[in-house]
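The values are calculated or read from the model by the stated rules, or taken from the named source; none is laboratory data. Bear in mind the structure is a predicted one, so any value in this text is a computation, not a measurement. Every residue, glycine among them, receives a Cβ derived from its backbone with ideal geometry; neighbour counts consider all protein chains shown.
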Amino acid sequence: MRVLSVVHGPEARAELFEPVVVKAGHSLDEWSFSWDRKPPRPLDSYDAYLVFGGAMHPDQDHLHAWLPDEIAWLQTLIEERRPTLGVCLGVQLLARAAGAQVRRLEEPEIGWIDVELNDAGVDDPVLGSMPRVFPGLVWHQYTYDVPDGAVELARTNRTTQAFRLGDACWGVQFHPEVTALQLDKWTADFEDPPPDPERLRKETASHIGAWNALGRTLCGAFLEASDKLLLAA
């Protein structure tokens, strides 16, 4: 498969997922709607899409003139049943593209927080690769309403964490792609620090190994589901 990684800045890229894609025998290109250059190949020539996070927020069209174009593109992916996985900002943009509301949380949700799959999540071909309950790395200031027609798959105590649209489009609010190096950079960012950096570093040391194993599993499950969808098309 040809996979496109859509990024929104250097702080959130394919990271852990890229080696999984390559090891599975697929190719991975990276591109951003914010870049002043064309994608490596036509956007509709890819077989699957990964849409990652970023420092901006999903309703900031007034600050990022390219956002409406990305929303329109995501609407096309949804309508055409193109295999897609959105992460953090990516899931928020997918929700917005599907007509749901996105909004700022009263308090950001940051840290290692238990995420629980519901019954639909356990049965899902992608999210079902995860344990029913797991400590996940979450880092977001916005949340979304689950779109009409979508199936919610997971939650924390505070917010929705995953959904599936149709049989080809998934979104997760948590960060299965994050590496220790990437998270260390986020924690050290004085412009957007976590509430308790030292606690986060200690918890990361305890969780990151198992979390990266789950991240590879989730990515592999998405690739496998995408391959089956393409074969059935």
Subset tally (residues that are over 23 Å from His26 (Cα atoms), touching a strand residue (DSSP E or B) at 6+ places or on another chain (Cβ under 7 Å) and surrounded by 21 or more Cβ atoms within 10 Å (Cβ to Cβ)) for the stretch 45-73: 1
What are the pairs with Cβ atoms under 6 angstrom where one residue, in the stretch 14-27, is at negative phi and among the β-branched types (Val, Ile, Thr) and the other, located anywhere, is at pLDDT 95 or above and not in a loop (DSSP other than H, G, I, E, B)? Sequence gap at least six, or different chains. Val20/Arg216; Val20/Cys219; Val20/Gly220; Val21/Val3; Val21/Leu28
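Take the residues of the stretch 155-177 that are β-branched (Val, Ile, Thr) and either part of a strand (DSSP E or B) or at pLDDT below 95 (or both): which is farthest from the chain's Cα centre (by Cα)?
Here the residue is Thr160.
So if I check each of Gly149, Gly209, which one is surrounded by fewer than 16 Cβ atoms within 10 Å (Cβ to Cβ) and on the phi > 0 side of the Ramachandran plot? Quick ask: steps written out before the conclusion?
Numbers: Gly209 fails: on the phi > 0 side of the Ramachandran plot.
Selected residue: Gly149, the only one of Gly149, Gly209 that is surrounded by fewer than 16 Cβ atoms within 10 Å (Cβ to Cβ) and on the phi > 0 side of the Ramachandran plot.
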Could you figure out which of (1) under 20 Å from Trp170 (Cβ atoms); (2) not in a helix (DSSP H, G or I) isn't true of Pro10? (1)
Does the stretch 119-137 contain any residue that is modelled with pLDDT of 95 or more, of a type in the set (A, V, I, L, M, F, W, C), at positive phi and assigned to a loop (DSSP other than H, G, I, E, B)? no
Checking Glu80 against (1) surrounded by 13 or more Cβ atoms within 10 Å (Cβ to Cβ); (2) acidic (Asp, Glu); (3) closer than 21 Å to Cys169 by Cα; (4) at pLDDT 95 or above, the condition it does not meet: (1)
Taking interchain pairs and intrachain pairs at least six residues apart, which have beta carbon atoms under 9 angstrom, with the first residue in the stretch 185-197 and exposed (fewer than 13 other Cβ atoms within 10 Å of the Cβ) and the second part of a helix (DSSP H, G or I) and of a type in the set (D, E, K, R)? none
Out of the residues in the stretch 40-70 meeting the condition of being acidic (Asp, Glu) and part of a loop (DSSP other than H, G, I, E, B), tell me which one is farthest from Ala98 (Cα to Cα). Asp47
